[in-house]
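The values are calculated or read from the model by the stated rules, or taken from the named source; none is laboratory data. Quantities reported herein were computed from a predicted structural model and do not represent experimental measurements. With ideal geometry, Cβ positions are generated from the backbone for all residues, glycine too; neighbour counts draw on all protein chains shown. All accessible areas refer to the heavy atoms of the entire protein, side chains included, with ligands and DNA or RNA removed. Shrake-Rupley method; radii C 1.70, N 1.55, O 1.52, S 1.80 Å.
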Amino acid sequence: MIREEKSSEVLIELQYLPCLEYFTCILQYDRVYIDIAERYVKQTYRNRCSVLTTNKIDTLTIPVKGYLPASSTKDILIDYNQDWTRRHLGCLQSAYGKSPFYEYYVHEFTRVYEKKLAYLVDLNYELLTICLRLTGITNEIQYNLSGGENDRNGVENAISLINNRKQPDLHKYYHPTPYYQTFGNDFVGNLSIVDLLFNMGPEAKSVLLRSCKSQ
């Protein structure tokens, strides 16, 4: 049986409503550094997530304003000229409205979207904070700018390793463990954490612990 935490440290990027592997990674380290000043990479899960709808896996994407190729993640602005918040909240309602714990949790997420935060990093931070609290994950997490103490020995660099779109089936920290899902008979693993929260509620953490991949 794997320990809830490992005596080590890891560096990861800030993602939007991250997948289950993001959380199983956090559970396996004593200290997690989330780099908010690393170079922003387009078409990654920094601004998108995957949820399970009636017929398929749906990808929700946050549109962002124009930026330079070497722009830092912390400088990325959200584009509200597109009505993406209605699309995302509507999709969550359609996908999870009948899930056991949707009505208990959805208002917390809705309040964040209603703020219309200017920066992607602020939106992702507030949503991640909610997800960590609802899953009961209390591992030490620090939000850091690139460099500095993250350069020291012993900190594993996992930037862009989790939910890598070029290698979607390669999981370093995650082993799929089936749980109840609203749609379909075939389990779909490593979706956004909201899939697990809305379907399993307080049991989410136990599912994540069973999904941790031994290293």
Where in the chain are the DSSP H helices whose C-alpha atoms run 24 Å or more along the long axis and whose mean Kyte hydropathy is at least -0.5?
none
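Per residue, what accessible area does the stretch 16-100 have, given a 1.4 Å probe and all protein chains present, in Å²?
43 Å²
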So, taking all protein chains as they sit and a 1.4 Å probe, how much accessible area belongs to residue 57, in Å² rounded to tens?
90 Å²
With a cap of 16 neighbouring Cβ atoms within 10 Å, and only residues DSSP puts in a loop, list the trypsin sites (Lys or Arg not before Pro) found in the stretch 57-149.
65, 98, 115, 116
Selected from 28, 59, 176, residue furthest toward positive end of dipole (the chain; charges at beta carbon):
59
Exposure of residue 171 as accessible area (Å², to 10), given a probe of 1.4 Å and all protein chains:
30 Å²
What three numbers, in Å, describe the spread of the alpha carbons of the chain along their principal axes, ordered from the longest?
48, 47, 30
Taking all protein chains in place and a 1.4 Å probe, what share, in percent, of the accessible surface of the chain do carbon and sulfur account for?
49 percent
